[in-house]
Amino acid sequence: MIVVLMGVCGCGKTSVGQALAEKLSWEFADADLFHPDVNKQKMSAGVPLTDEDRYPWLRKLHTVICSWTSEGKSGVLACSALKKSYREILTTGQVPQDLSNTSSVSQRIPHQHSDSARPNVLFVYLKGSKEVVRSRLESRTGHFMPAGLLDSQFLTLEEPDDSENSVSVDIAQPLMAVVMDIYQIIVELT
């Protein structure tokens, strides 16, 4: 199984992900480490990323998921995955058809994976109010994502719906309570 911890910046994806992966003895990857420098520079300057900025990054993350799956490993990926289309790219490796028809990215990103190759991915939405997340962001140091981009993150966010393999967990509770909630969900599913 692959668990993708998703949500806006500052919701705790990395902290929860590291603790959860350790508890499960699973692989862990932080999607932020896969951003190209140009993306990090844009975000550091307070410029929100466009879909075209994100597509190659999401495809790279899809390869991480597929490598875990092909090696028979389970893993936890901390990734914002703010839009449904981004989550689709993570699971299929494909830019959705309605987006690729209007984007020059479709020529650079070949459509190589079919639905039959879709890995077993559970999206765990770390859900919290803007106030809770903002207070966490403002106390965080040494990260390229400034608190000023939080509003754009919430504007971009498309909460998972019933058509997706997803659950929501409230982040207003302590870190280990969040981890244990997710752990229980995984135990029930496996």
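Would you pick out the residues in the stretch 45-62 that are part of a helix (DSSP H, G or I) and either free of Cβ contacts under 8 Å to residues at least 40 places away in the same chain or among the polar types (S, T, N, Q) (or both)?
Of everything in the stretch 45-62, those that are part of a helix (DSSP H, G or I) and either free of Cβ contacts under 8 Å to residues at least 40 places away in the same chain or among the polar types (S, T, N, Q) (or both) turn out to be Asp53, Arg54, Trp57, Leu58, Lys60, Leu61.
Taking the options Ala19, Ala31, name whichever one is small (Gly, Ala, Ser), under 24 Å from Val178 (Cα atoms) and out of contact with any Cys (no Cβ under 7 Å at 6 or more places or on another chain).
Going through Ala19, Ala31 in turn, the sole match is Ala19.
Are there any pairs, at least 6 apart or on different chains, whose C-beta atoms fall under 9 Å, with the first in the stretch 63-84 and free of Cβ contacts under 8 Å to residues at least 60 places away in the same chain and closer than 17 Å to Leu24 by Cβ and the second in a loop (DSSP other than H, G, I, E, B) and not hydroxyl-bearing (Ser, Thr, Tyr), and if so, which?
Lys73/Trp26
Does the stretch 49-62 include one or more residues that are more than 15 Å from the chain's Cα centre (by Cα), of a type in the set (A, V, I, L, M, F, W, C) and either modelled with pLDDT of 95 or more or closer than 15 Å to Gln153 by Cα (or both)?
For the stretch 49-62, residues more than 15 Å from the chain's Cα centre (by Cα), of a type in the set (A, V, I, L, M, F, W, C) and either modelled with pLDDT of 95 or more or closer than 15 Å to Gln153 by Cα (or both): absent.
So, of the residues in the stretch 164-190 that are outside any helix (DSSP H, G or I) and free of Cβ contacts under 8 Å to residues at least 24 places away in the same chain, which turns out to be surrounded by the fewest Cβ atoms within 10 Å (Cβ to Cβ)?
Pro174
Determine which single condition Ser129 fails, assuming it passes every other condition in (1) open to solvent by less than 30 Å² (accessible area, probe 1.4 Å); (2) modelled with pLDDT of 55 or more; (3) not charged (D, E, K, R).
(1)
Given the residues His35, His62, which is the only one that is open to solvent by less than 60 Å² (accessible area, probe 1.4 Å) and either aromatic (Phe, Trp, Tyr) or within 20 Å of Val8 (Cβ to Cβ) (or both)?
On inspection, the qualifying residue turns out to be His35.
Here's the yes/no breakdown for (1) of a type outside the set (D, E, K, R); (2) closer than 26 Å to Thr190 by Cα; (3) in a helix (DSSP H, G or I):
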position: Leu5; (1), (2), (3): yes, yes, no
position: Cys11; (1), (2), (3): yes, yes, no
position: Leu20; (1), (2), (3): yes, yes, yes
position: Phe28; (1), (2), (3): yes, yes, no
position: Met43; (1), (2), (3): yes, no, yes
position: Ser67; (1), (2), (3): yes, yes, yes
position: Leu77; (1), (2), (3): yes, yes, no
position: Ile89; (1), (2), (3): yes, yes, yes
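Can you name the residue in the stretch 149-163 that is assigned to a helix (DSSP H, G or I) and open to solvent by 60 Å² or more (accessible area, probe 1.4 Å) and, of all such residues, is modelled with the lowest pLDDT?
If we take residues in the stretch 149-163 being assigned to a helix (DSSP H, G or I) and open to solvent by 60 Å² or more (accessible area, probe 1.4 Å), then Asp151 is modelled with the lowest pLDDT.
The values are calculated or read from the model by the stated rules, or taken from the named source; none is laboratory data. Treat the numbers as computed from the prediction; the structure is a model and nothing was measured. As a convention, Cβ positions derive from the backbone with ideal geometry for all residues, glycine included, and neighbour counts pool all protein chains shown. Side chains included, ligands, DNA and RNA excluded: accessible areas come from the protein's heavy atoms. Shrake-Rupley method; radii C 1.70, N 1.55, O 1.52, S 1.80 Å.
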